[in-house]
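The values are calculated or read from the model by the stated rules, or taken from the named source; none is laboratory data. Fair warning: this is a prediction, and the values are worked out from it, not measured in the lab. Here the Cβ is made from the backbone with ideal geometry for all residues, glycine too, and neighbour counts use every protein chain on show. What goes into the accessible areas is simple: the full protein's heavy atoms, side chains included, and nothing from ligands, DNA or RNA. Shrake-Rupley method; radii C 1.70, N 1.55, O 1.52, S 1.80 Å.
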Amino acid sequence: MIMILIGPPGAGKGTQAKRMEDVFGVVQLSTGALLRELIASKSELGLKAKTLVEAGNLMPDDVMVALVSDRIDQPDCASGFILDGFPRTIVQAEALDVLLREKGLSLDHVIEIKIDVDLLVERLTGRFECGECGEGYHDSYKQPKLEGVCDRCGSNDFIRRADDEEDRVRTRLGFYHQETRPILPYYRARGILKSIDGSKDLDDVTRQMKEALSPGQ
Ligand SMILES: [Zn+2]
C-alpha cells in the first residue's frame, strides 16, 4: 500500500503515520527525518540543506524529490510506505507521479487530516518541555502536577521552541494553506482522496483513518 498523509503542521500526521506502520506493515517516510539524515551526513548537499533549514527556508523541490526517490528504492519500502510531509506543492505532487510510474508503482490512498486553524494555533503555541529531561507539556492539556516543577525529573527549567511562537506558527500554517492545500483537488479528481476530522483525540483519528483505508470504503 502506498499512501500520502496531508495535513497542516500540528495535525498529528507523524503520530498517525507511526500507528499505520503497525497496522498495515508499511514504512513511514517522514521528509523531516530524511532531511535530518541528509544534514547529519555532512555531504555537499547536506551542508546546503543545513544552510537553508537554518535560515527558515524550505528545500528546493528537486532536492526533496531526489531524497524521496532514493528512499523508496530501499528494500524496506517493498511492502509499501506512507509519505508524511511530501508532496508539499503541486510541483512535488506531479514529480511524485512521474517517479512512481518510473518505478512501476502507483498511489493507493491520499488522506487529508482536516483541522481548524485556531485549534492548531492553540495546540502548537501551548507546547513546552522540560529543559532537563525533555518531558513534553502543554498550557491547556498537560500542565506539570506541581506548578513549575517537572513531573519526571523535578527540574524547574522549562523551554519553549522558537518554532512554536504564534507568529511563526501562523506563517507555517499560511504556507500550508497557500501551497499544500491546492494539491488536494489534484487527488480528489482521481478519486483517491479521503478527508478525516483531526480535531478529535488521537485514538479517534486513528479509527477514522483505518476506516478510510479499509477496502470497500
Ligand atoms: Zn524533566
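For the stretch 12-22, the set of residues classified as touching a helix residue (DSSP H, G or I) at 6+ places or on another chain (Cβ under 7 Å) and at pLDDT 90 or above consists of Gln16, Arg19, Met20, listed by residue number.
Could you check, for the stretch 37-52, whether at least one of its residues is open to solvent by less than 30 Å² (accessible area, probe 1.4 Å) and in contact (Cβ under 8 Å) with a residue 40 or more places away in the chain? Explain how you work it out, then say what you get.
In the first step, residues of the stretch 37-52 are kept if they are open to solvent by less than 30 Å² (accessible area, probe 1.4 Å); the result is 38, 46, 49.
Next, only the ones that are in contact (Cβ under 8 Å) with a residue 40 or more places away in the chain stay: none.
No, the stretch 37-52 contains no residue that is open to solvent by less than 30 Å² (accessible area, probe 1.4 Å) and in contact (Cβ under 8 Å) with a residue 40 or more places away in the chain.
Please enumerate the residues belonging to the stretch 147-163 that are closer than 30 Å to Ala55 by Cα and either more than 9 Å from the ligand (Cβ to nearest atom) or exposed (fewer than 13 other Cβ atoms within 10 Å of the Cβ) (or both). Those that are closer than 30 Å to Ala55 by Cα and either more than 9 Å from the ligand (Cβ to nearest atom) or exposed (fewer than 13 other Cβ atoms within 10 Å of the Cβ) (or both): Asp157, Ile159, Arg160, Arg161, Ala162, Asp163.
Leu119 - would you say it is in a helix (DSSP H, G or I), at pLDDT below 95, more than 16 Å from the ligand (Cβ to nearest atom) and exposed (fewer than 15 other Cβ atoms within 10 Å of the Cβ)? Before you say what the answer is, go through the steps one by one.
Values: in a helix (DSSP H, G or I): yes; at pLDDT below 95: yes; more than 16 Å from the ligand (Cβ to nearest atom): yes; exposed (fewer than 15 other Cβ atoms within 10 Å of the Cβ): yes.
In short, yes.
Residues of the stretch 190-217 that are open to solvent by less than 90 Å² (accessible area, probe 1.4 Å) and in a loop (DSSP other than H, G, I, E, B): Gly191, Ile192, Gly198, Ser199, Ser214, Gly216. Among residues of the stretch 156-168 that are at pLDDT below 85 and among the acidic types (Asp, Glu), those with a beta-carbon under 9 Å from a residue that is within 15 Å of the ligand (Cβ to nearest atom) and open to solvent by less than 60 Å² (accessible area, probe 1.4 Å) at least six positions away or on a different chain give the pairs Asp164/Phe128. Number of residues in the stretch 97-132 that are under 19 Å from the mean Cα position of the chain (by Cα) and closer than 15 Å to Leu83 by Cβ: the value is 7.
Please count how many residues of the stretch 60-89 are in a helix (DSSP H, G or I) and open to solvent by less than 60 Å² (accessible area, probe 1.4 Å). Give the steps one after another, and end with the answer.
Taking the stretch 60-89 first, the residues in a helix (DSSP H, G or I) are 61-72, 75-77.
Within this subset, residues satisfying the condition of being open to solvent by less than 60 Å² (accessible area, probe 1.4 Å) are 61, 63-69, 71-72, 77.
Count: 11.
Contact map, the stretch 95-115: residues that are open to solvent by 20 Å² or more (accessible area, probe 1.4 Å) paired with residues that are hydroxyl-bearing (Ser, Thr, Tyr), Cβ distance under 7 Å, separation 6+ or inter-chain. Pairs shown: Lys114/Ser195; Ile115/Ser199.
Counting only residues that are in a strand (DSSP E or B) and open to solvent by less than 60 Å² (accessible area, probe 1.4 Å), which one in the stretch 123-146 is farthest from the ligand (Cβ to nearest atom)?
So in the stretch 123-146, the residues in a strand (DSSP E or B) come out as 127-130, 136-138, 142, 146.
Those still in the list that are open to solvent by less than 60 Å² (accessible area, probe 1.4 Å) too: 128, 130, 136-138.
On the way: Phe128: 11, Cys130: 3, Gly136: 10, Tyr137: 9, His138: 15 Å.
Per the criteria, the residue is His138.
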